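Peer 1: Quick one: structure below, then a few questions.
The values are calculated or read from the model by the stated rules, or taken from the named source; none is laboratory data. Because the structure is predicted, anything quoted here is derived from the model rather than measured. Every residue, glycine among them, receives a Cβ derived from its backbone with ideal geometry; neighbour counts consider all protein chains shown. We work out accessible area using only protein heavy atoms, side chains counted, and drop any ligands, DNA or RNA first. Shrake-Rupley method; radii C 1.70, N 1.55, O 1.52, S 1.80 Å.
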Amino acid sequence: MQNMLTIISNVFRGTASKNGAQTVSEGARAVVSTRSYADFTPQATFDIKKCDLHRLDQGPPLKAVLTREQGLKYYRTMQTMRRMELKADQLYKQKIIRGFCHLYDGQEACAVGIEGGITPDDHLITAYRAHGYTFTRGVAVKEILAELTGRRGGIAKGKGGSMHMYTKNFYGGNGIVGAQVPLGAGLALACQYQGNNQVCVTLYGDGAANQGQVFESFNMAALWKLPCIFICENNQYGMGTSVERASASTEYYKRGDYIPGIRVDGMDVLCVREATQFAADHCRSGKGPILMELQTYRYHGHSMSDPGVSYRTRDEIQEVRSKSDPISLLKDRLISNNMASVEELKVIDVEIRKEIEDAAQFATSDPEPPLDELCDHIFSSEAPIEVRGTNPWMKLKSRS
C-alpha cells in the first residue's frame, strides 16, 4: 500500500487546497461584473509532466497553451461532473436511484482532457463508469440524472440506467468487463473503411486490462493499423484489489507490446489533452493504434455497494484530494496566472449547483416510462413488430 502511495505521489503533480462548498454574495457578483475581460490574462503557457514512452522516439509536448476561455470551460465542465456525481450519490442513498451505479468523481481530468484532444466527430466507447463521458459527449445533466432514476426523459428513455447511456458518436456505457474494447476496435475499423479521418477512443480500466479480449483487440488493431486510441484509466484499484495484487506488470502503457504507448498524469487536464491530441495525430497519420495509460484516482468506492475504505484508508483518499485534485489544480492555475478571479469561479459554482438541483428536480418528478414502451427501439423497422412478453399471452410492440 505504501508503495502504491509513493507511485501516486510521484506521478500526480501540483498542490491544491480542498475545494469545499462555497456560497457567493451579491457583492461578489458585483466585483465580477465590474472587472472587464481586459483585466484578465487571455492566454498562458504551462509546464506539464513528461510522459513515459514505449516504442516512441518522441512524445507529447512538455508545455501546454491554455486560453482563458478554455480554462473556464474546463473548470465548469469538471465542476458540473463532480456535482452531478455527488447528487447521484445522494439520490442513491435516498433509494431514488437503484441498481448498479459507478461514480466518476476524482477522474474528471481524464474525460475533459480526452474531449479536448479529439473532435465531436470522433468516436468514444467506455465501460460502466460512464456518467462523465455521457456529459462531455453533449448530454444534458437532467437527461443523465433522469436516466439514473429510470424516467421517461432520460437519455435512454429510462431503460438503460447507469451503465447504458448513448448519444451521437458515444457508444456507452457497457456492463461486461472489457467487452467494449473489441467493439471500439470495430468502430475504428469502420472509420478506416469509410476513410473519414476519424478515430475511436476505446476506454477500459486497470481491472479489465487483464482480459483476453483486450489483447485480441490489440492484435487485430495492430495488424490492420486501425485508428484506435486504447486508453487504460488506471485508478489504482480494480474493484477492491490494488493493481500490485492483480497484475504481474503494472506498466499498462506497455501492455500492447508492439503497439506504441504513453503513460500520462491523469489528474492534470492539460497533460491528458496534449497526450490525447498526440495520440489522435498518430492515428490519423496512418500509423495504426496507440495505447495510453492515464494514472488517476477515484474518490468513491468501485460502486455504490462499496464503501471504498475496506481496502484503502481514509488518509490515503484525503492525501490524493489535498495534493492532486484535478479541479483544484486547474483552479489554482487560473487564479495564480490572473486568468480568472476567485469571485468569478464562485459565481460559476453557484450556477452549477442550481443546474444540478434543477436537474435533480426533473429526475425525480418526470414520469416513468409506461409498460407499452418497454420494447420500443429493440428493432429498427417502419412498422411496429410484435414482441412476446414474459409469458406467451403478454404481447408487446417494438416501435423504432
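Peer 1: So, in region 65-107, of the ones that are over 19 Å from Thr134 (Cβ atoms) and open to solvent by less than 10 Å² (accessible area, probe 1.4 Å), which residue ends up nearest to the chain's Cα centre (by Cα)?
Peer 2: Tyr75
Peer 1: State whether one or more residues within region 201-216 are part of a helix (DSSP H, G or I), more than 21 Å from the chain's Cα centre (by Cα), of a type in the set (D, E, K, R) and under 27 Å from Arg284 (Cα atoms).
Peer 2: yes
Peer 1: Considering every residue within region 166-177, establish whether at least one is part of a loop (DSSP other than H, G, I, E, B), out of contact with any Phe, Trp or Tyr (no Cβ under 9 Å at 6 or more places or on another chain), open to solvent by 10 Å² or more (accessible area, probe 1.4 Å) and over 30 Å from Lys142 (Cα atoms).
Peer 2: Within region 166-177, not a single residue is part of a loop (DSSP other than H, G, I, E, B), out of contact with any Phe, Trp or Tyr (no Cβ under 9 Å at 6 or more places or on another chain), open to solvent by 10 Å² or more (accessible area, probe 1.4 Å) and over 30 Å from Lys142 (Cα atoms).
Peer 1: Exactly one condition in (1) aliphatic (A, V, I, L, M); (2) open to solvent by 60 Å² or more (accessible area, probe 1.4 Å); (3) within 27 Å of the chain's Cα centre (by Cα) is not met by Ile356; state its number.
Peer 2: For Ile356, the exception is condition (2).
Peer 1: For Cys200, work out the one condition from (1) open to solvent by 40 Å² or more (accessible area, probe 1.4 Å); (2) under 22 Å from Asp121 (Cβ atoms); (3) touching a Gly at 6+ places or on another chain (Cβ under 7 Å) it doesn't fulfil.
Peer 2: Here Cys200 clears every test but (1).
Peer 1: Same structure, new question: Give me the pairs: first residue in region 90-110 and touching a residue at least 60 places away in the same chain (Cβ under 8 Å), second residue in a helix (DSSP H, G or I) and among the basic types (Lys, Arg), beta-carbon distance under 7 Å, and six or more apart or on different chains, which are they?
Peer 2: Listed by first residue and then by second, the contacts come to Asp105/Arg82; Glu108/Arg82.
Peer 1: Still on this structure, I have one more. Of the conditions (1) within 22 Å of Gly160 (Cβ to Cβ); (2) buried (at least 16 other Cβ atoms within 10 Å of the Cβ); (3) not hydroxyl-bearing (Ser, Thr, Tyr), Arg321 clears all except one; give me its number.
Peer 2: For Arg321, the failing item is (1).
Peer 1: Gly161 versus (1) open to solvent by 10 Å² or more (accessible area, probe 1.4 Å); (2) over 16 Å from Cys101 (Cβ atoms); (3) assigned to a loop (DSSP other than H, G, I, E, B): which is the lone unmet condition?
Peer 2: Condition (2) is where Gly161 drops out.
Peer 1: Determine the pairs where a residue that is small (Gly, Ala, Ser), located within region 262-290, has a partner that is part of a loop (DSSP other than H, G, I, E, B) and open to solvent by less than 10 Å² (accessible area, probe 1.4 Å) with Cβ atoms under 6 Å apart, the partner being 6 or more residues away or on another chain.
Peer 2: Hits for this filter: Gly266/Thr296; Ala280/Val199.
Peer 1: Any residue in region 302-313 that is on the phi > 0 side of the Ramachandran plot sitting within a Cβ distance under 9 Å of a residue that is surrounded by 12 or more Cβ atoms within 10 Å (Cβ to Cβ) and not in a loop (DSSP other than H, G, I, E, B)? List the pairs, counting only those 6 or more apart or interchain.
Peer 2: Taking only residues 6 or more apart or on different chains, the pairs are Gly308/Tyr237; Gly308/Ile317.
Peer 1: Can you tell me which residue in region 47-64 is least open to solvent (accessible area, probe 1.4 Å), limited to those that are part of a loop (DSSP other than H, G, I, E, B) and free of Cβ contacts under 8 Å to residues at least 40 places away in the same chain?
Peer 2: Taking the candidates together, the pick is Leu62.
Peer 1: Restricting attention to region 286-318, and to residues there that are of a type in the set (Phe, Trp, Tyr) and open to solvent by 10 Å² or more (accessible area, probe 1.4 Å), which single residue is farthest from the chain's Cα centre (by Cα)?
Peer 2: Tyr311
Peer 1: Among the candidates Ala44, Ala38, Ala88, single out the residue that is out of contact with any Gly (no Cβ under 7 Å at 6 or more places or on another chain), at pLDDT below 95 and not β-branched (Val, Ile, Thr).
Peer 2: Testing whether each residue is out of contact with any Gly (no Cβ under 7 Å at 6 or more places or on another chain), at pLDDT below 95 and not β-branched (Val, Ile, Thr) leaves just Ala38.
Peer 1: Are there any pairs with C-beta distances below 7 angstrom linking a residue in region 227-250 that is closer than 24 Å to Met304 by Cβ to a residue that is basic (Lys, Arg), with the two at least 6 apart or on different chains, and if so which?
Peer 2: Taking only residues 6 or more apart or on different chains, the pairs are Asn235/Arg298.
Peer 1: Residues Leu189, Leu183: which one is closer than 16 Å to Thr126 by Cα and surrounded by fewer than 24 Cβ atoms within 10 Å (Cβ to Cβ)?
Peer 2: Unique residue meeting the criteria: Leu183.
Peer 1: Is it the case that region 355-376 has a residue that's assigned to a loop (DSSP other than H, G, I, E, B) and more than 18 Å from Ala156 (Cα to Cα)?
Peer 2: no
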